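A quick write-up on the structure given underneath.
The values are calculated or read from the model by the stated rules, or taken from the named source; none is laboratory data. The model shown is predicted, which means the values in this text are computed figures rather than measured ones. All Cβ positions, glycine included, derive from the backbone under ideal geometry; neighbour counts span all protein chains shown. Please note that ligands, DNA and RNA were not included when accessible areas were found on the heavy atoms of the full protein model with its side chains. Shrake-Rupley method; radii C 1.70, N 1.55, O 1.52, S 1.80 Å.
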Amino acid sequence: MTEIAHSWPQTREEFAEFVEALQNGLVRYAFARLGSLADAEDAVQDVLVRAWLARPAHAPAAFAPYVYRMLVNRCIDIQRSGRVRLAAPFADRPDAGRTPEELAAAAAERARIEALLARLPEREAEVLRLRVFGDLSFAEIAAVTRAPLATTKSRFRCGLEKLRRAMKGRP
């Protein structure tokens, strides 16, 4: 993660740099949680606007984990409200020249990943999502989840091991 992600942006230019540096990771994480690119982009935009407006009142040591924590909470709120848009399987994904067969295979793989993550305790699944989709370091994940670094690493390791066993068909 870039250095800009660790300081609190005070100017529009600094905030624009932050958005440029982390927006893709934020959207990937939200998409993994919500399953809809439109909902993911809306959630990220909402969180970024709220973070910009809250900047005079809040000044955590690290801005990126603070924004990810806001995004985690926003995704949970959207899921609880039932407002997630259930789109056609390929409507949310730009095709980038991929064939319908490739799109179908990608959708099936995504559904498989979601099903595997759903079998994990939420704390472990969340650490895996933040690491894989959010591309956060363990220290940043610890800040987002408000857990000790050792606990964060343990949750990742345990979650990964449970996923490996599940993929091999073992309990």
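Taking the numbered list (1) crowded, with 17+ Cβ neighbours inside 10 Å; (2) closer than 18 Å to A62 by Cα; (3) in contact (Cβ under 8 Å) with a residue 40 or more places away in the chain in turn, D39 passes all entries but (2). Among the conditions (1) surrounded by fewer than 11 Cβ atoms within 10 Å (Cβ to Cβ); (2) modelled with pLDDT of 80 or more, the only one that P171 does not satisfy is (2).
Residue check: is R98 open to solvent by 80 Å² or more (accessible area, probe 1.4 Å) and either modelled with pLDDT of 90 or more or under 20 Å from L130 (Cβ atoms) (or both)? So R98 fails the test. Of the residues making up region 7-15, none is basic (K, R), within 20 Å of L130 (Cβ to Cβ) and at pLDDT 80 or above. The residues on offer are R74, R33, R85, and the sole one that is of a type in the set (K, R), touching a helix residue (DSSP H, G or I) at 6+ places or on another chain (Cβ under 7 Å) and modelled with pLDDT of 90 or more is R74. What about R93, is it open to solvent by 80 Å² or more (accessible area, probe 1.4 Å) and modelled with pLDDT of 85 or more? Judged against the criteria, R93 is not a match. The set of residues in region 114-150 that are charged (D, E, K, R) and either in contact with a His (Cβ under 8 Å, 6 or more places away or on another chain) or more than 18 Å from A166 (Cβ to Cβ) (or both) comprises D135, E140, R146.
Every residue, every condition in (1) open to solvent by less than 60 Å² (accessible area, probe 1.4 Å); (2) touching a helix residue (DSSP H, G or I) at 6+ places or on another chain (Cβ under 9 Å); (3) of a type in the set (A, V, I, L, M, F, W, C), yes or no:
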| site | (1), (2), (3) |
| --- | --- |
| A125 | yes, yes, yes |
| L128 | yes, yes, yes |
| V132 | no, yes, yes |
| L136 | yes, yes, yes |
| E140 | yes, yes, no |
| T145 | yes, yes, no |
| A150 | no, yes, yes |
| L160 | yes, yes, yes |
